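The values are calculated or read from the model by the stated rules, or taken from the named source; none is laboratory data. Every value quoted in this text rests on a predicted model; they were computed, and no experiment measured them. Positions of Cβ are generated from backbone atoms using ideal geometry, with glycine treated the same way; all protein chains shown enter the neighbour counts. These accessible areas exclude ligands, DNA and RNA; they are computed on the full protein's heavy atoms, side chains included. Shrake-Rupley method; radii C 1.70, N 1.55, O 1.52, S 1.80 Å.
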Amino acid sequence: MLDMGAVRRAWDDLWDRFSASDPGLIRLSSALNTVCGILLTLLVLAVAHTAVPLLVTGAMTAMVAAFAISDSRPRDQAVTLGLGFLAALAAVGLGAELYRYRVASDLVFLGLIFAAVYVRRFGPRGTGLGMIGFQLFFVSQFTHAAPSTLLKMYEVMAVAFAASAAVRFGLVRATPERTLHRLRRAFRARLAALVDVLVEIAGAEPGSRADVQAIDLLHTRVARLHQCALMIQSRLEHGTADPRTASLIQRRIAEAEIAAERLGLLLLRAVRLGPDLAATDVTLSLHLSTLLPASVPADPEAAPGAEGAAADRLVRELRELRLLVVRATPGTLAPGAAEVGERMLGYRDDEALPEGTPAVQDVYRGLGDLARAMLGLRLTLEEEPAASEGDSPETARSREELEAEDISLQADEDVSHEPTGIDRPTTRAAFQVTVGSALAILGGELLSAQRWYWAVLTCWVVFLNTSSTGEILMKGYRRLAGTIGGVVAGIGLAALVGGHTWSAFALVVLCIFGMFFTAPLSYMLMSFFVTTMLGLLYTLLHTYSASVLLLRIEETLLGAVCGLIAAVAILPVRTRRRTDDLLVDVLEKLRGTLEQTVAALSGGRPGDLLDAARELDTALDTLRGSVQPLTHPASPLRSRRRRAGYILGLLETCAYHARSLAATAGFVPSALHADPRLADAGRQLDANLEVLADFVRSGGKSRGRLDGSALAPRPDQPPVVPAASTTPTTPTLPAVPAVPVRNDPLVTVRVLRHLQRLNESILGLGRPLGLGPAERSVPPR
């Protein structure tokens, strides 16, 4: 007999794996929204026996109407869609009326390009309207719109916008609340995948191939979990009922993420780093692969079989931990999860810890921390059964702690200050893309009087979501590579479908789905699908030839070059300046987070510490994207590539410790009130971060010096040799001495250790940045 429960669990597991690969089903929803809108448009137009050129117009209009709308709430989307229809009518009308007047058409096109980029300053609605205006003018050029066909084109466009609205608000409806719910589900699935990797690491033989692969996979899983947490953060404002609920969910997600990352670090310290590095607080960043030894020698004093038994128990515990992580139905838990949760919550007390080395006992404490974080997440999302008299003392205590935190949590509004005038990114980009498009028009018409707009389109897209010449160069390279691949595929598919109209349309729809599904992952893949689609569209319009697609490569290269020339010559933002500005922003965000955290640990109100930590993470992600031109494997500047990678690794280390401190400060603010070392550490960290930020901001002209003397041990505390660190130090930049941990509570030890590692990483940033004497700018590997 078929076990329906097992079938349902298998289906849930399969669906969770898919949702983990596409958090919130955002990529799938975008692709389906576009494809279904196109299919519905084609269906209506086919019933009306519309000519093939107008079918192409309808399909392209439906595509633009789908991807240009990015407002969060359906009501705002409806308003933007309605205004977008009016903008589309105006753009196509202008294109049709001016098609015979080349110079006037080009001037209007340039004005439209400037306006389309400039209005992005007004948020999603301005971005959508500008994109619709630009793209529909392009459609009028692509389909050779003329005044005689304008009325029919308007009818087709009305059908396309109506079909897009029907799909968006009916067939594929995506509300902020539903998207946030899917993102939370994806977060649980990615967390479960991370736990699976920890099980593999705990059970693998050190130095084996499976061990190395599992550790590499752990890096990826932690990064994917962090990415999902940031996606949740970006949708809390519109996906929750009020700011307080948003703050609660943000806090619980952050606690679960930090606890999972900490558990991974503790596990690696215990079973992989060996006795010499077991005391090191490393992070799952760029440093870790250089620290892991090929094998760990066995302890000669350990009893026979004791090491294997301890490892087996740890593997069992990690496997049972998954019961607390997997998705639960509201009001219920997975079978056996309640008992597992009670046992693991007990690991937060030293009396309940199993026997083992201090490093292994730290792993069990990490299990307890993650169990508590998952309990808080279930309580916030109302997935936890109501409290009962049968709860264990550990469960009841954890519930009380979490409820007390929820009551004290308040949401503060952050006021940001944006640049004005020519310093505003949208204004600068508007001038740049207009000049680049003018060059593309001139050069494009020299190559082809009929296909010049390809060069303009390339120039337009390489400026979207880029902020420096290096980013524009990278995007232009990826578009060119994708275009070359798409030309090859387009030639093959065009020969395959021949004159079969509906087969070609089916392949076009598949290309559009692939284009939108892969767009957030790879711009190169998106360009591949776009070019393949164009080859099929020209087949439908009976204007296809291999020379046309080869011309596309030439026009694409020309557009990318014109964009790069404009970026260099017109109000340029050098990659160095852009990365320096973002680095200063990261340092300031880190400084603000630590200032709030130390204040909370010293007795102040916690406030939105995790919100500040999330702002730090967002700033770091932005910096990571901007340094891609420097860290790309094809970059010929090997020294700068290594330097940028090393700085990113140190900043990731700092962000991890800052997140951990923020999470700790939220529920144990009274643990350190009487410890004077905390205030000393806070002042020293703030001073060092200020020195670093001033040094980068001034272009290396600042005279400040990094110093760790303010954290010297007090006379009543004997100095302790510092633990090994991932960050190299020099005699001129002293590291913070390790704190004596034996007489301090566990929380105090953890906080002071985080502060110590933070200061070591901050001091280490001085070497690659050029602050202070050093023999080389990048440490040897």
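Just want to confirm a number: the relative contact order over the stretch 1-153, from Cα pairs under 8 angstrom separated by 6+ residues, in percent. Intermediate values should be presented prior to the final figure.
On the way: 132 pairs, mean separation 37.6, N = 153.
With pairs under 8 Å counted, the relative contact order is 25 percent.
Within the accessible surface of the stretch 74-199, defined with a 1.4 Å probe on protein heavy atoms only, the carbon and sulfur portion equals 67 percent. Here the Debye sum runs over all C-alpha atoms of the stretch 37-125 as equal scatterers in vacuum, and log10 of I(q)/I(0) at q = 0.15 Å⁻¹ comes out as -0.74. When the residues ASP369, ASP581, ASP617 are ordered by accessible surface, computed with a 1.4 Å probe over the protein chains alone, the sequence from largest down reads ASP581, ASP369, ASP617.
What FRET efficiency do you get for SER698 and LEU541 if R0 is 56 Å and r is their Cβ-Cβ distance, rounded to the nearest 0.05? Step by step, r from the Cβ atoms, then E = 0.45.
Counting pairs of Cα atoms in the stretch 503-660, how many percent are more than 18 Å apart? Here the long-distance tail beyond 18 Å is 73 percent of all Cα pairs in the stretch 503-660.
Expressed as a whole percent, the proportion of Cα-Cα pairs in the stretch 96-167 lying more than 15 Å apart is 62%. The charge dipole of the stretch 519-623, taken about its Cα centre with unit charges on the Cβ atoms of Lys, Arg (+1), Asp and Glu (-1) only, comes to about 220 debye.
Cα centroid distance between the stretch 68-132 and the stretch 563-597, in Å? Comparing the Cα centres of the stretch 68-132 and the stretch 563-597, I get a distance of 30 Å. Extension gain, GLU155-ALA569: 0.36 nm per intervening residue step, less the Cα-Cα distance, totals 144.7 nm.
Taking the protein heavy atoms of the stretch 448-594 in the context of the full set of protein chains, the accessible area attributed to carbon and sulfur is 69 percent at 1.4 Å. If one puts a single equal scatterer on every Cα of the stretch 1-160 and applies the Debye formula without solvent, what log₁₀ I(q)/I(0) results at q = 0.11, 0.14, 0.15 Å⁻¹? Taken in order of the listed q values, log10 I(q)/I(0) reads -0.53, -0.76, -0.83. Averaged per residue, the stretch 169-269 has 37 square angstrom of accessible surface, using a 1.4 angstrom probe with ligands and nucleic acids left out. Taken along the Cα-to-beta-carbon direction at a fixed 7 Å, the label points for GLU205 and ARG424 span 6.5 nm. Evaluating kT/(6 pi eta Rh) at 4 °C and 1.567 mPa s, with the Kirkwood radius of the stretch 185-276 over Cα pairs in the Stokes-Einstein relation, gives 90 µm² s⁻¹.
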